[in-house]
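The structure appears right after this line, and notes come after that.
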Amino acid sequence: MDISTFKIVAPNLPAHIAVLMRGPTGVGKSHLARQVAEHHNLPFIDVRGSTMSEGDVGGYPDIEGMKDSGIMTFCMPSWFMRACNEPVVLMLDELNRSLPGVQQSFFQLVLDRELGNDKNGNPYRLHPETRVIAAVNHGSEYDVNEMDPALLRRFWVCDIVPTVADWTDWAKGNEIDSVLIDFIRQNPNHFRVDPSTVEPGTVCPNPASWHRVAECLEHMNMSPNQVAGQPSPAGMYAVAMGLVGTEAAIAFCSFVKEYEKQITAEDVLEGKLTKKQISEVAVSTINGVIEKVADHAKENVWTDKQCQNVNKFARAISQEMMVNLWNKIAATNKIENIQKMHKILGQDVVKAVQASRNL
């Protein structure tokens, strides 16, 4: 499931329906859970099962209380009591890497929405509006415990598979370096590498690690958009290599160094590209240019001349990519640009769509 679909479904499920996200490390499971909390304006509590013992979840005996009442009760963890007293989004992370006793307590929490009991034998229950989201690392590269099908049916289960488009949309909204975003757009093979396909212990890129690359380089005053087109600053390659691995780091640093040779939205809007130049550009690069043009359309009102130049660009690329360009422009909801482009490109887009249906 891609992230855009998850965002449509997960926040809108009934509060008592637990969500189970499955996927490799670094694909954004924790971030998605936080977004559910933000959607409902609720506190977010992240509980990592792999670091806990059974008592950290089910509670420890209340020795002092037993002296007064003679009744066995347990001191329950603070995160659980908060989830009982007020609505929160409770994330049970690394569920299938937890000890068996911890897993059993988590499953009781999911199935019954309760744990422990007071001195009258009444269980402590989650607040009716508290949402539970569990996450498991899923894949052959992990040493994990398989979940019983009888337990799986208690969840809404989703296998998270982030796309480049998911990540770039998120990155643009979170002020991630624009040159790094361009690199991911044009080099999707370096977006994420399945750890099970390489030697054990190999550092591999994933969505979370690219976020860390951006954070580290900005902190060290090496943001790609500040050093693009220049020799790589000392340390840039080492930072990238330690976070995304050797192959991705080499490609990334080379991309930043040669960045002035990349095609910008302004190149298209100013009509700087010939049809021959466009025909010699890789498909992945053209797709990246389409994204840049759409971003420009979202923030600016185009002149008639700029629209004509976009039209020339559209007619120099394949029909499939022309339709993609039109869809991206239409999705901006920038009415002025959409109306102008529809007049000069709309009929050709319709013909291209009809032609593809006839194939």
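The values are calculated or read from the model by the stated rules, or taken from the named source; none is laboratory data. The structure displayed is predicted, hence computed values, not measured ones. Neighbour counts run over all protein chains shown; Cβ positions are idealised from the backbone, glycine included. All accessible areas refer to the heavy atoms of the entire protein, side chains included, with ligands and DNA or RNA removed. Shrake-Rupley method; radii C 1.70, N 1.55, O 1.52, S 1.80 Å.
Looking for something open to solvent by 20 Å² or more (accessible area, probe 1.4 Å), more than 20 Å from residue 275 (Cβ to Cβ) and not hydrophobic (A, V, I, L, M, F, W, C) - is there at least one such residue anywhere in the range 307-323?
Taking every residue of the range 307-323 in turn, none turns out to be open to solvent by 20 Å² or more (accessible area, probe 1.4 Å), more than 20 Å from residue 275 (Cβ to Cβ) and not hydrophobic (A, V, I, L, M, F, W, C).
How many residues are under 13 Å from residue 345 (Cβ atoms) and part of a helix (DSSP H, G or I) when one looks only at the range 291-303?
2
Which condition from (1) surrounded by 16 or more Cβ atoms within 10 Å (Cβ to Cβ); (2) within 24 Å of the chain's Cα centre (by Cα) is the one that residue 246 breaks?
(1)
Report, ordered by the first and then the second residue, all pairs with beta carbons closer than 6 Å, sequence separation of six or more or different chains, a first member in the range 228-253 that is closer than 11 Å to residue 210 by Cα, and a second member that is among the hydroxyl-bearing types (Ser, Thr, Tyr) and buried (at least 16 other Cβ atoms within 10 Å of the Cβ).
Note: pairs meeting the criteria are 243/209; 244/209; 249/237.
State which residue pairs qualify: first residue closer than 21 Å to residue 32 by Cα and inside the range 66-90, second residue of a type outside the set (Gly, Ala, Ser) and part of a helix (DSSP H, G or I) in any location, beta carbons under 6 Å apart, and separation of 6 or more residues or different chains.
89/36
Could you run through the range 91-137 and say how many residues are in contact (Cβ under 8 Å) with a residue 24 or more places away in the chain, open to solvent by 20 Å² or more (accessible area, probe 1.4 Å) and assigned to a loop (DSSP other than H, G, I, E, B)?
10
State yes or no: is residue 176 on the phi < 0 side of the Ramachandran plot, at pLDDT 85 or above and assigned to a loop (DSSP other than H, G, I, E, B)?
yes
Just to check your reading of the model, which residue among 94, 38 is closer than 18 Å to residue 134 by Cβ and within 28 Å of the chain's Cα centre (by Cα)?
94 is the lone residue from the list that is closer than 18 Å to residue 134 by Cβ and within 28 Å of the chain's Cα centre (by Cα).
I need every pair where a residue in the range 26-52 that is among the hydroxyl-bearing types (Ser, Thr, Tyr) has its Cβ under 9 Å from the Cβ of a residue that is open to solvent by 20 Å² or more (accessible area, probe 1.4 Å), sequence separation at least 6 or different chains.
Final answer for the pair search is 30/46; 30/208; 50/94; 50/97; 50/99; 51/94.
Taking only the range 1-20 into account, find how many residues are in contact with a Phe, Trp or Tyr (Cβ under 8 Å, 6 or more places away or on another chain) and either under 15 Å from residue 134 (Cα atoms) or not hydrophobic (A, V, I, L, M, F, W, C) (or both).
6
Any idea which residue in the range 324-359 is nearest to the chain's Cα centre (by Cα), counting only those that are farther than 24 Å from residue 282 by Cα and surrounded by 19 or more Cβ atoms within 10 Å (Cβ to Cβ)?
Here the residue is 334.
A quick yes/no check of all residues on (1) closer than 20 Å to residue 212 by Cα; (2) over 16 Å from the mean Cα position of the chain (by Cα); (3) modelled with pLDDT under 90:
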| position | (1), (2), (3) |
| --- | --- |
| 128 | no, yes, no |
| 134 | no, yes, no |
| 140 | no, yes, yes |
| 149 | no, yes, yes |
| 155 | no, yes, yes |
| 162 | yes, no, yes |
| 190 | yes, no, no |
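Of all residues being charged (D, E, K, R), out of contact with any helix residue (DSSP H, G or I) (no Cβ under 8 Å at 6 or more places or on another chain) and in contact (Cβ under 8 Å) with a residue 40 or more places away in the chain in the range 188-227, which is surrounded by the most Cβ atoms within 10 Å (Cβ to Cβ)? Just the residue, please.
Among those that are charged (D, E, K, R), out of contact with any helix residue (DSSP H, G or I) (no Cβ under 8 Å at 6 or more places or on another chain) and in contact (Cβ under 8 Å) with a residue 40 or more places away in the chain, it is 218.
Kindly provide the set of residues from the range 283-306 that are within 21 Å of residue 189 (Cα to Cα) and either surrounded by 18 or more Cβ atoms within 10 Å (Cβ to Cβ) or in contact with a strand residue (DSSP E or B) (Cβ under 8 Å, 6 or more places away or on another chain) (or both), ordered by number.
The answer is 286, 287, 288, 289, 290, 291, 292.
Check residue 185 against each of (1) over 22 Å from residue 28 (Cα atoms); (2) in contact (Cβ under 8 Å) with a residue 60 or more places away in the chain and name the one condition it does not meet.
Residue 185 satisfies all of (1) over 22 Å from residue 28 (Cα atoms); (2) in contact (Cβ under 8 Å) with a residue 60 or more places away in the chain except (1).
Only residues in the range 160-176 that are over 20 Å from residue 216 (Cα atoms) count as the first member; pair them with residues that are assigned to a loop (DSSP other than H, G, I, E, B), Cβ under 6 angstrom, at least 6 apart or cross-chain, and list the lot.
Filtered contacts from the range 160-176: 160/27; 162/27; 162/28; 163/2; 164/191; 166/2.
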